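Structure record follows, encoded as structure tokens.
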Amino acid sequence: MRDFEGKTAIVTGAGSGIGAAIAIELAARGAHVVAADIDMVAAETTVTKIASTLGNARACRVDVADPRSVEQMVVFAVEIFGGLQFAVNNAGIGGPSETTANYPLEDWQKIIDVNLNGVFYGLKYEIAAMLKSGGGAIINMSSILGSVGWENACAYVSTKHALIGLTKTAAMEYAGHNIRINAVGPGFIDTPLLTKNLDAETIGQLAALHPVGRLGTPEEVSALTCFLLSTNASFITGSYHLVDGGYTAK
Ligand code: NAP
């Protein structure tokens, strides 16, 4: 299926995990992909994988916490590929495990800067470029922790909840301009965000929290994300879609 043929897509956090899977799927479906990440080596690795299957992608270094860097990423996409139709604001970080009263101020600020401000900066510049390109679709990567709490992660949970309100508001503003904006809420997914920081026993405990009895895969999140970006989802905007193995059904 080449349903994104010739269209431009930006994916942030495309050097790893969920973002890499989305960049690879969008390219396989015909999109010209800007694989953007703070880690340029990781972004280049994703581009090399895409090139090995004859897809079209370019790497771009971005720090989503820096509005100038995000603006430059969008300029890069438009200059290289001639417009912008799709964006996935996916880059995000975890943070320390600490109760709210003891949560370090600098970690709170950093997580807000990356996970929330970063998505706002993305929307700000992506929407402006999409308006000039005749419209498009955007996904903001939230989490199951956009609808339920998680002890010792006040900053992460706050940002993922906030993204839902940001998504709904921006979607209402631009629905009449042919731009759809949705949020995706994955359960716990088997990516370096988890595996870098947790031991095997803890990962097993997290897997058991999902009624399906396992972690999700990045490709399962990508499948939902690409569906929501595609014209098959033409009547879907301003909503939050879970891909969580039944986690929030409990
Ligand atoms: P990941 O494997 O750690 O990938 C995230 C990528 O984003 C990494 O390459 C990371 O680079 C990059 N990044 C970090 N800070 C950045 C910044 N300021 N600017 C640009 N890029 C930056 O994580 P993932 O699991 O794929 O997560 C992707 C998204 O899904 C995140 O928003 C996360 O909150 C969300 N999510 C994940 C899960 C899960 O269980 N994995 C569940 C729900 C939602 P470095 O590695 O150098 O930091």
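The values are calculated or read from the model by the stated rules, or taken from the named source; none is laboratory data. This structure is a prediction, so every number in the text was calculated from the model and none was measured. As a convention, Cβ positions derive from the backbone with ideal geometry for all residues, glycine included, and neighbour counts pool all protein chains shown. We work out accessible area using only protein heavy atoms, side chains counted, and drop any ligands, DNA or RNA first. Shrake-Rupley method; radii C 1.70, N 1.55, O 1.52, S 1.80 Å.
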Return only the number of the condition from (1) more than 22 Å from residue 162 (Cα to Cα); (2) within 13 Å of the ligand (Cβ to nearest atom) that residue 89 does not satisfy.
(1)
Looking at segment 92-115, which of the residues that are of a type in the set (Gly, Ala, Ser) and out of contact with any helix residue (DSSP H, G or I) (no Cβ under 9 Å at 6 or more places or on another chain) is nearest to the ligand (Cβ to nearest atom)?
97
Out of all the residues in segment 218-232, which are under 13 Å from residue 18 (Cα atoms) and crowded, with 17+ Cβ neighbours inside 10 Å?
218, 220, 221, 222, 224, 225, 226
Name the single residue, out of those in segment 186-203 being touching a residue at least 24 places away in the same chain (Cβ under 8 Å) and more than 7 Å from the ligand (Cβ to nearest atom), that is least open to solvent (accessible area, probe 1.4 Å).
190
State yes or no: is residue 173 more than 20 Å from residue 93 (Cβ to Cβ), among the acidic types (Asp, Glu) and either at pLDDT below 95 or loosely packed, with under 15 Cβ neighbours inside 10 Å (or both)?
yes
Of the conditions (1) within 13 Å of the ligand (Cβ to nearest atom); (2) open to solvent by less than 40 Å² (accessible area, probe 1.4 Å), residue 148 satisfies every one except a single condition; which number is it?
(2)
Suppose the filter is more than 21 Å from residue 194 (Cβ to Cβ) and surrounded by 24 or more Cβ atoms within 10 Å (Cβ to Cβ); does residue 23 pass it?
no
Quick check on segment 97-122: of everything there that is without any contact (Cβ under 8 Å) to a residue 40 or more places away in the chain and either open to solvent by less than 40 Å² (accessible area, probe 1.4 Å) or not small (Gly, Ala, Ser) (or both), which residue is farthest from residue 142 (Cα to Cα)?
102
Picking from 46, 53, the residue that is hydroxyl-bearing (Ser, Thr, Tyr), away from the ligand (no atom under 16 Å from the Cβ) and either closer than 17 Å to residue 22 by Cα or surrounded by 20 or more Cβ atoms within 10 Å (Cβ to Cβ) (or both) would be 53
